[in-house]
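Visitor: Here it is, the structure, as structure tokens.
The values are calculated or read from the model by the stated rules, or taken from the named source; none is laboratory data. Computed from a predicted structure; not experimentally measured. Using ideal geometry, Cβ is built from the backbone for each residue, glycine included, and neighbour counts are taken over all protein chains shown. Ligands, DNA and RNA are stripped out before the accessible areas are found, and what is left, the full protein with its side chains, is counted by its heavy atoms. Shrake-Rupley method; radii C 1.70, N 1.55, O 1.52, S 1.80 Å.
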Amino acid sequence: MSLVSLPVATLGLPRMGPRRELKFALESYWAGKSNEDQLLEAAAGLRAANWARQKSLGATIIPSNDFSLYDQVLDTSVMVGAVPDTYDWTAGPVSLKTYFAMARGEQGKCHDGRSGHAQQGAGAPAQEMTKWFDTNYHYMVPEFHKDQTFRLSSRKPIDEYQEAKSLGYHTRPVLVGPVTFLKLGKSADPAFNPLSLLDRLLPVYTDILRELSTLGAEWVQLDEPCLVQDLDHASRDALRRTYARLSKDIPALKIMLTTYFGAIGDNLETVLALPVAGLHVDLVCGSDQLNAILMRAPKELVLSLGVVDGRNVWRSNLSALLERLAPAVAKLGSDRVQIAPSCSLLHVPIDLELETDLDSDVKSWLAFSVQKIKELVTLGRALGGDYAGVHDALAVSEAAAVARETSPKIHNADVARRMAAMDDGMRRRNNAFTKRAEVQRARFALPVFPTTTIGSFPQTAEVRSARAAHTNGTLSDAKYEQFLKEETARAVRWQEDIGLDVLVHGEFERNDMVQYFGEQISGFAFTKHGWVQSYGSRYVRPPILFGDVSRPRPMTLDWWRYAQSLTERPMKAMLTGPVTILNWSFVRNDIPRSEACRQIALAIRDEVLDLEKAGATMIQIDEAALREGLPLRKSQWKTYLDWAVDSFRICSSCVGDATQIHTHMCYSEFNDIVDAIAAMDADVISIETSRSKMELLDAFTSYKYPNQIGPGVYDIHSPRVPETAEMKGLITLARQRLSDPQLWINPDCGLKTRRWEEVRPALVNMVAAARELRALS
Ligand code: GLN
Ligand code: ZN
């Protein structure tokens, strides 16, 4: 056998640069401190560095157009001229100014944190932003209308192809596929189906692809992750028409149809009938689809095997992978196989070598994008027959896998015992809600329509700079604590003054609702440079859950105690729930997610019990990310919701009847999971609804939500201060579906991204709304 390496593709790389160079270049441009040329030069430098990095690591199929200044879906909207009238554009190339107006809104209006909502205000707001499939990457939602037309309005894919070529790289350009692009879009008219625009859209794709082909591109990567979702007839038909048309229009260009984030499943027949030259499949999220594909793939089809996890940080066990892949390669023949990550490497940090402070064992179990490319190259060589050349790399990989499997840092016998000993009693409150509500009513004696907030108050520049000073050592522990105490005390006093019924401490001591807990729970590691793009120039460093989870000591007790000591009113204790901690972390892959989640639930349960013992009467366990963790396939929803709800119950059921459990969830689309939410059996839930005009409540016309609920009456994602009358209007809508004793009055979400100047009048108005309605009821 000759020693050939199989082709190795990367599908796409992080864009930010190892030191977040892109963030700084963007922010300096936005702040007016640098000009367009400087920004574009920085971007070109990052692209060149990425190409060089891939080449020097040994990747052979190098992408172009995987770079983006902000988001690849926004790039696509701009490429095809899907620029809504609100933005400054009529024809010709879309300017950078317009591009960023779509991304961030006009001047001064930017996006808030993690939840991903654009602020509204005067001028053009940003396009809506939402999560890219089931990742934590957010894309800008394309907007279409029924008279939508398309035309080529940005030559980015061509320019970047040429740019690479001039540097000596023969690349495979990447584009978001036309069907996925349309399906991600929305229209103001909910009855309008964007897929109906396909025939108008395709000529633009044809133009682009034809030009790429003419310039020398042999292959193009078209990303159609919609193929791992449930598809209706219309979508399948759109796929057939798209690929028939493209292959007919540009017969010389080979299309690598790229699927990821799951198995193709029942779309396989459709996919295998498409006239494309190659198919990329995710063998990590869709690990058991290989045989079905091998059996049915047409003879000429090139398969790109996504074998290294493109969205998690674990090192692969290469020997084990080889064993699995060798028969497939033998069957297909090495000229029909490419080796690739499961999806673009966009979703993992860049280079593990930058992590000089990580525990060395944990570090030896990880691989970021640089390391993953090396893994792919090793695999490619071994599968090409060059075992001897990669012998050492394989041995190291296997040794790491064995070490990880048996490491005492991962396995905690106490946790295993607790997990095994869990019984149904731990998942049930002592009494049903009706009984508890009675006890709690007597204990708290709250007025009808009690008012409260979601937990955080503004994280002002002062709060952030005090935290930074404390982190870098210029502010002592004692001084920092004093500062936080003053902030907390001020917030508590102010809440009393304006007449809120149930208070919060304000969360000034927390950097982030997951990190704050991750840092105090064993089993989590934190990186220094492990950034991944959340949206635009906002990156996050997700904690890495590597081992069994336990809580060595109380995490929130002192701050709760201090805050409660300042007031006679109930002070909600504030925790992040297990599902949210899990969904916003890189999670270990050696046990099921459900098991990791239950372990976290046990740790939170310990905290809940300690809080109750210390006298906390209301405990809020936030599950902001529960909804967004839903699997892409509806058939998998139930399994997920079952263990998610179970985890919540494990951490919250341990308290007495008189202790009131609150929870909070972001996003308003709950109609399809409202029974799961009821099954969590929180005494009170606060939930986002105000922007959707209480749409959520539609669910309650057919479903009688049993417990208490605070449908958010004001949109915290906007700086606008809502009037009392407006909030009364929303409460009135809620009263049509829910009984008065069920209702709480609160904002939509935490207030940390707002300024006090906005929060003060808004909450004063909110309390007034509750009081006025009380007086009438
Ligand atoms: N308690 C958290 C806060 O108020 C909840 C945040 C969230 O829902 N995203 O900030
Ligand atoms: Zn929220």
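Visitor: Residues that are surrounded by 13 or more Cβ atoms within 10 Å (Cβ to Cβ), touching a strand residue (DSSP E or B) at 6+ places or on another chain (Cβ under 6 Å) and not aliphatic (A, V, I, L, M): find the helices (runs of 4 or more DSSP H) completely inside the range 422-529 holding 1 or more of those. Can you show your working first?
Guide: Working: elements: 433-444, 461-471, 477-498, 515-518.
Passing ranges, in order: 433-444, 477-498, 515-518.
Residues are listed down the side, and each one gets a yes or a no for (1) on the phi > 0 side of the Ramachandran plot; (2) in contact (Cβ under 8 Å) with a residue 40 or more places away in the chain; (3) touching a Gly at 6+ places or on another chain (Cβ under 8 Å):
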site	(1), (2), (3)
Q636	no, no, no
Y640	no, no, yes
Q660	no, yes, no
D672	no, no, no
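Visitor: Restricting attention to the range 205-233, which residues are open to solvent by 10 Å² or more (accessible area, probe 1.4 Å), among the aliphatic types (A, V, I, L, M) and more than 15 Å from L184 (Cβ to Cβ)?
Guide: If we filter the range 205-233 for residues that are open to solvent by 10 Å² or more (accessible area, probe 1.4 Å), which is where we start, we get 207, 210-211, 213-216, 218-219, 223, 229-233.
Remaining after also requiring among the aliphatic types (A, V, I, L, M): 215, 231.
Residue satisfying the conditions is L215 alone.
Visitor: Can you name the number of the only condition in (1) open to solvent by 10 Å² or more (accessible area, probe 1.4 Å); (2) without any contact (Cβ under 8 Å) to a residue 60 or more places away in the chain; (3) under 30 Å from the mean Cα position of the chain (by Cα) that I264 fails?
Guide: In the conditions (1) open to solvent by 10 Å² or more (accessible area, probe 1.4 Å); (2) without any contact (Cβ under 8 Å) to a residue 60 or more places away in the chain; (3) under 30 Å from the mean Cα position of the chain (by Cα), I264 misses (1) alone.
Visitor: Moving to a separate point now. Are any of the residues in the range 588-601 part of a helix (DSSP H, G or I), within 16 Å of ligand 1 (Cβ to nearest atom) and surrounded by 17 or more Cβ atoms within 10 Å (Cβ to Cβ)?
Guide: no
Visitor: Which numbered condition trips up H664, out of (1) open to solvent by 10 Å² or more (accessible area, probe 1.4 Å); (2) closer than 30 Å to N430 by Cα?
Guide: Status for H664: all satisfied but (1).
Visitor: Here is a check on your reading of the model: is T617 within 16 Å of ligand 1 (Cβ to nearest atom), hydroxyl-bearing (S, T, Y) and farther than 20 Å from A420 by Cα?
Guide: no
Visitor: Please list, ordered by residue number, the helices (runs of 4 or more DSSP H) wholly in the range 669-777 having 3 or more residues that are under 28 Å from K634 (Cβ atoms).
Guide: Because the criterion is at least 3 residues that are under 28 Å from K634 (Cβ atoms), the helices (runs of 4 or more DSSP H) in the range 669-777 that meet it are 674-680, 699-702.
Visitor: Also, I was wondering about something else. Among the numbered criteria (1) in contact (Cβ under 8 Å) with a residue 24 or more places away in the chain; (2) over 30 Å from Q708 (Cα atoms); (3) aliphatic (A, V, I, L, M), which one does A421 miss?
Guide: Failed condition: (1).
Visitor: For the range 97-133, what are the residues that are open to solvent by less than 50 Å² (accessible area, probe 1.4 Å), charged (D, E, K, R) and modelled with pLDDT under 50?
Guide: K109, D112
Visitor: Check the range 629-647 and report whether any residue there is in contact with a strand residue (DSSP E or B) (Cβ under 7 Å, 6 or more places away or on another chain) and within 16 Å of ligand 2 (Cβ to nearest atom).
Guide: There is no residue in the range 629-647 that is in contact with a strand residue (DSSP E or B) (Cβ under 7 Å, 6 or more places away or on another chain) and within 16 Å of ligand 2 (Cβ to nearest atom).
Visitor: Report yes if some residue within the range 552-559 is part of a loop (DSSP other than H, G, I, E, B), open to solvent by 20 Å² or more (accessible area, probe 1.4 Å) and over 30 Å from T452 (Cβ atoms); otherwise report no.
Guide: yes
Visitor: List pairs: first residue in the range 751-776 and polar (S, T, N, Q), second residue more than 16 Å from ligand 2 (Cβ to nearest atom) anywhere in the structure, Cβ distance under 8 angstrom, at least six positions apart or on different chains.
Guide: N765/V721; N765/P722; N765/E723; N765/T724; N765/M727
Visitor: Away from ligand 2 (no atom under 16 Å from the Cβ) and under 24 Å from the mean Cα position of the chain (by Cα), is that true of A596?
Guide: When the stated conditions are applied, A596 passes them.
Residues checked against (1) of a type in the set (F, W, Y); (2) more than 15 Å from ligand 1 (Cβ to nearest atom); (3) open to solvent by 50 Å² or more (accessible area, probe 1.4 Å):
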| site | (1), (2), (3) |
| --- | --- |
| R720 | no, yes, yes |
| T724 | no, yes, no |
| M727 | no, yes, no |
| L733 | no, yes, yes |
| L738 | no, yes, no |
| N746 | no, no, no |
| V759 | no, no, no |
| A762 | no, no, no |
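Visitor: Hey, does the range 81-89 have a residue that's within 22 Å of V220 (Cβ to Cβ) and not polar (S, T, N, Q)?
Guide: Scanning the range 81-89, I find at least one residue that is within 22 Å of V220 (Cβ to Cβ) and not polar (S, T, N, Q), so the answer is yes.
Visitor: Does the range 469-480 contain any residue that is away from ligand 2 (no atom under 16 Å from the Cβ) and in contact (Cβ under 8 Å) with a residue 12 or more places away in the chain?
Guide: Yes.
Visitor: Any idea how many residues of the range 674-702 are within 16 Å of ligand 2 (Cβ to nearest atom), at pLDDT below 95 and touching a helix residue (DSSP H, G or I) at 6+ places or on another chain (Cβ under 7 Å)?
Guide: Selection size over the range 674-702: 4.
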